[in-house]
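The values are calculated or read from the model by the stated rules, or taken from the named source; none is laboratory data. In this text the structure is predicted, and so the values were computed from the model without any measurement. Cβ: placed from backbone, ideal geometry, glycine included. Neighbour counts: every protein chain shown. Just so you know, the surface numbers come from the protein's heavy atoms only, side chains and all, with ligands and any DNA or RNA stripped out. Shrake-Rupley method; radii C 1.70, N 1.55, O 1.52, S 1.80 Å.
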Amino acid sequence: MNQVQLPDFPWDSLAEVKATAQAHPGGVVDLSIGTPVDPVPDGIREALASVSAIPGYPTTHGIPALREAARGALSRRHGVDGIEPDAVLPTIGSKEAVAWLPRLLGFGPGDVVVIPELAYPTYEVGVLLAGASILRSDGLTALGPQKPAMIWLNSPSNPTGKVLPVEHLRKVVEWARERDVVVVSDECYLALGWEADPLSILHPDVCDGRTDGLIAVHSLSKSANLASYRAGFLTGDPRLIKRLLEVRKHAGMIVPRPVQEAMVAALADDEALRAQRERYARRRLALRKALLDNGFRIDHSEAGLYLWATRDEDASATVRWLAGRGILVAPGTFYGPKGGKHVRVALTATDERVDAAVERLTQ
């Protein structure tokens, strides 16, 4: 059996510059990974504990209350209505879904999967795990006459924070439907629009109220600080969700029952989401100003949890420059060849650490 050759895990390559940043007298300000640092809301923790005594196996499809909570949140927060109750499928965080979707949908050798030119590295890993071929493209013209099996969209983008306009989303959906191509939209940052209002691929302005051929990927890691819980879900075309459900039943891809209960609480708590958005907004403004005042340019970054910053030099040089000031960021090369002159600066640090970064940049 041939072993799949995967790329090295990108963040492992930061060991040397991380050591430089950690040596700063004030300690490291780690803005390289978007890991939540704020407390899990009390209501979510209480929900998690409330079912901790249940001994039986959880259901792969999730409890009905979870599916209803997801439908309600999509409607209230994102204007997405008409999702069928069975067309919600909890996942063990969003990363596992991203990594396994091409394979679980049955794609493999001979199939082409389109990913953004600048993309979360796990999109590429997922295509490799399936044995399919990768095409990096942000538009349809690059595809020429070929018909891909699947197209990944990501708006707001990780790493760039770019928001795709409704016209672009509609064009992709219409093009894919004409050719029976699956479109999967990573919407993990959908609730974090700053200078633009991102739309779900399932919004009626995009899909005309039809979900056929469409899957949206959602996560509670960033919006509710549940990265450690591994809490996400898929929704969209009932036919595709059913296919994924059947495979996941066999594979044992099941969200633990207490986490399902916590997800219900998180999806119902719009006030906690508002408070978390305010935290990120404050940190974003402070970091953005400090970077701009120190010769950086911020491209895109109108939504999401990152600033896509550049000094128009090799990304590795920028990473080293910041590490010398005790600030660790990710080079844009982690996300694709076109990221060679940018760095991704995460907003996921405490207020104290963000203030420290701003002070160091100001000095």
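Per residue, how much accessible area does the chain have with a 1.4 Å probe, in Å²? Present the calculation step by step, with values, prior to reporting the outcome.
Working: 15630 Å² over 363 residues.
Per residue, the chain has 43 Å² of solvent-accessible surface.
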Original post:
Rounded to two decimals, what is Rg over Rh for the range 219-263 when you use alpha-carbon atoms and the Kirkwood radius?
Top reply: 1.02
Original post:
Between ALA251 and ARG45, what is the spin-label point distance in nm, taking each point 7 Å from the Cα along the Cα→C-beta axis?
Top reply: 3.3 nm
Original post:
To the nearest 10 degrees, how steep is helix 121-130 against the longest Cα principal axis of the chain, on a 0 to 90 scale?
Top reply: 40 degrees
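How many percent of the accessible area of the chain is carbon or sulfur, using a 1.4 Å probe?
Details: 8100 of 15630 Å².
That share works out to 52 percent.
Going from most exposed to least, what order do ILE54, ILE298, ILE254, ILE215 have by accessible area with a 1.4 Å probe?
Values: ILE54 85, ILE298 25, ILE254 50, ILE215 0 Å².
Per-residue accessible area, sorted high to low, gives ILE54, ILE254, ILE298, ILE215.
Sum -39500 (n - 2.57) across every DSSP H segment of at least 4 residues in the chain, then divide by the residue count to get the 222 nm mean residue ellipticity, nearest 500.
On the way: 12 runs with 143 residues, N = 363.
Here the helix-only value at 222 nm equals -12000 deg cm²/dmol.
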Subject >> Spin-label model distance (nm) - ARG320 vs GLU167, 7 Å beyond Cα toward Cβ >> reply: 4.3 nm
Subject >> Residue-by-residue Karplus 3J(HN,Hα) for the range 108-117, coefficients 6.51, -1.76, 1.60, Hz, glycine and proline x >> reply: x, x, x, 9, 10, 10, 8, 10, x, 4
Original post:
In whole Hz, what ³J(HN,Hα) sequence does the range 144-156 give by Karplus (6.51, -1.76, 1.60; θ = phi - 60°), x for Gly and Pro?
Top reply: x, x, 6, 10, x, 7, 7, 10, 8, 10, 8, 9, x
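Rounded to the nearest angstrom and ordered from largest down, what semi-axes does the equivalent ellipsoid of the chain get from its C-alpha gyration tensor (root of 5λ)? Don't skip to the answer; put the middle values down first.
Working: eigenvalues 205, 129, 77 Å².
Taking √(5λ) for each eigenvalue gives 32, 25, 20 Å, largest first.
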Subject >> Nonlocal amide H pairs with SER185, under 5 Å, H built at 1.01 Å >> reply: LEU153, ILE215, ALA216, VAL217
**OP:** Please give the FRET efficiency for ASP8 paired with LEU135, using the beta carbon to beta carbon distance and R0 = 25 Å, rounded to the nearest 0.05.
**Re:** 0.70
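As a test, work out the antiparallel percent of DSSP beta bridges whose residues both lie in the range 42-268, rounded to the nearest 5. Write down the numbers at each step before the final one.
On the way: 10 of 25 bridges.
Bridges in the range 42-268 are about 40 percent antiparallel.
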Original post:
So who's got an amide H within less than 5 Å of the one on GLY193, skipping anything under 5 residues away but keeping other chains? H placed 1.01 Å off N, in plane.
Top reply: GLY304
Subject >> Label-point separation in nm, ASP38 to ALA15, each point 7 Å along Cα→Cβ >> reply: 3.5 nm
**OP:** Enter the angle in degrees (range 0 to 90, nearest 10) between the Cα long axis of helix 351-362 and the first principal axis of the Cα atoms of the chain, meaning the one along which they spread out most.
**Re:** 50 degrees
Subject >> Degrees between helix 238-251 axis and first principal axis of the chain (Cα, 0 to 90, nearest 10) >> reply: 80 degrees
**OP:** Rounded to whole Hz and in sequence order, give me ³J(HN,Hα) for the range 220-226 from the Karplus expression 6.51 cos²θ - 1.76 cosθ + 1.60, θ = phi - 60°, writing x for Gly and Pro.
**Re:** 9, 4, 8, 6, 10, 6, 9
